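> The structure that follows is given in the form of structure tokens.
Values quoted throughout were computed directly from the atomic coordinates according to the rules given, and no laboratory measurement underlies them. None of the values given here were measured: they were computed from a predicted structure. Heads up, the Cβs are rebuilt from the backbone with ideal geometry, glycines too, and the neighbour counts pull from every protein chain shown.
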Amino acid sequence: MKDTFQDSRFHVGLLIVLALLLVYTVPSHGEIPEIPVDNEGYVEIDVFIHNQNLQLRRDCVALDMTVSYDQARSIDHGIHGELWERPGSHDLMKDIIDGYGINVVMVRVHGMQEGAFVSDLFLEKDETVYRLDSRPSDAVAIALRTDAPVMVHEDLLHDHGVDVC
């Protein structure tokens, strides 16, 4: 049986290395959109944890996403502005982002691949915007900690949203 503490330390260390690489390298897929980022077709949404799942809501329509217990807890802490007893991975990422003068511009949930929602996390450093492929749960957890908007493409809400009113 693996040591959970060692696994957690490995994941946190990996996140730190990835964040530092972000500051000095081209983001995933080499895509650097021009400033300002075009948000045509996207709407800002509200974030909830509902039945331990991530729920992205606009009015009475929501996208439900299955997340792990730890992800749900981290997102819930972000929603309520609460800190963990010890910093979690997303808290650590926020500290790195702040420490290196990076601005979280937004999260955009833009599609589905193989039945899973996909998103991008937009970061700005020295007037350059970087678009990073990201799991919606991680991107949302970071956006909540940095007061960045979470956007969803209207087609996703129309095609995959459920009525919650």
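> For D46, D126, what's the fewest-to-most ordering of other Cβ within 10 Å of each Cβ?
By the 10 Å Cβ count, ascending: D126, D46.
> May I ask you to evaluate 6.51 cos²θ - 1.76 cosθ + 1.60, the Karplus curve with θ = phi - 60°, for each residue of the range 147-158 and list the ³J(HN,Hα) values in order in whole Hz, giving x for glycine and proline?
6, 8, x, 10, 10, 10, 5, 4, 4, 5, 4, 5
> Under the 0.36 nm per residue contour assumption, what length would be gained going from the current alpha-carbon distance of Q52 and H80 to full extension?
Extending this stretch completely gives an extra 8.6 nm.
> Oh, and also: Just flag the chymotrypsin sites (Phe, Trp or Tyr not before Pro) in the range 110-165 sitting in loop per DSSP whose Cβ has no more than 11 other Cβ atoms within 10 Å.
Sparse-neighbourhood loop chymotrypsin sites (Phe, Trp or Tyr not before Pro): none present.
> What are the ³J(HN,Hα) couplings of the range 105-110, residue after residue, when phi is run through the Karplus curve with 6.51, -1.76, 1.60 and θ = phi - 60°? Round to Hz, x for glycine and proline.
7, 4, 10, 10, 8, 10
> Pull up all non-local amide H partners of M106: gap of 5 or more, or a different chain, and H-to-H distance under 5 Å with H placed in the peptide plane.
Sorted by chain and number, the residues that satisfy this are F122.
> Ranking K94, K125 by Cβ neighbours within 10 Å, fewest first, what do you get?
Ordered by Cβ neighbours within 10 Å, fewest first: K125, K94.
> Right, another one. Taking 0.36 nm per intervening residue step and subtracting the Cα-Cα distance, what contour gain separates H160 from D98 on full extension?
Gain in length upon complete extension: 18.9 nm.
> Using a 10 Å cut-off on Cβ atoms, rank the peptides 102-111, 156-165, 80-89, 58-67 from the highest mean neighbour count down.
Going by the mean number of other Cβ atoms within 10 Å, highest first, we get 102-111, 58-67, 156-165, 80-89.
> Computed on alpha carbon atoms, what radius of gyration and Dmax characterise the range 89-157, expressed in Å?
In Å, with Rg to one decimal and Dmax whole: 12.1, 36.
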